[in-house]
Structures are given as structure tokens and as C-alpha cells.
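For reference, the structure is listed below as C-alpha cells.
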Amino acid sequence: MRSLWNVAAAFAAGAAAMYCVDAAISRNRAGAADRPTDAQLREQIKARLPELVSQPEAIDIEVESGVVRVSGRVPADERSVLLMQLTDMPGVRMVRNSISAFDVGGQPSNLQV
């Protein structure tokens, strides 16, 4: 009798796990349809740069599979805001930071984010 309960419990646990996995896969498929393409994401980021940094022309953006690589030079006090805003943008899976920051006096900053 005890093994019958074990089989029933294993069956129920397996069914619950399949339900959760299927729901997660369905959410991912629905979310993938809403994600912008890499080119669209790059353009959206470039359009927002003037809001985020004082010298947007000094920033280079590359996007591959939702992974954003940001490089260039920004004032040290603008770097963390830029990186946080990029991370929060829809469609961005990850941000790779290649930004070099400088103090307002023009000296390189040792601050690492």
C-alpha cells in the first residue's frame, strides 16, 4: 500500500512540474514576440542617449541577441545612471560595460561599475 502512495505522489509531482515548465515556456514565447530586434533595440538606445548622458556622440552601442555592449567615454557621475537605465530597457538581456569614465576635470576615474 505504501508503494502505491509513493507512485501516486511521484505522478502528481511530475504532473505539477510539467505544468510549471509548460507555463514558463508559454510565457517566454509570448515575451519573445514582444521583444524588439537587435537593430530596433540599438536605435531605441541611441534615441535615449541624449536623456542619459551629456555627450551622447561619445557612446558606441552594439547589440547582439539582446546583449548590449556599450563603449566610449562619459563623465564618471553619468556612468552608473547610463548602465542602470540600459539594464532596465525592455528587450535588453544583459549590458556589457566597456565605458571609460573621466572626472569632470578630464582625469580618468578609477571608479568601476
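Being modelled with pLDDT of 65 or more and of a type in the set (Lys, Arg) is the requirement here; does ARG29 meet it? Give the steps one after another, and end with the answer.
On the way: modelled with pLDDT of 65 or more: no; of a type in the set (Lys, Arg): yes.
When the stated conditions are applied, ARG29 does not pass them.
In the range 48-74, how many are surrounded by 17 or more Cβ atoms within 10 Å (Cβ to Cβ) and part of a strand (DSSP E or B)?
Counting residues in the range 48-74 that are surrounded by 17 or more Cβ atoms within 10 Å (Cβ to Cβ) and part of a strand (DSSP E or B) gives 7.
The values are calculated or read from the model by the stated rules, or taken from the named source; none is laboratory data. Being a predicted model, the structure only gives us computed values, none of them experimental. Cβ: placed from backbone, ideal geometry, glycine included. Neighbour counts: every protein chain shown.
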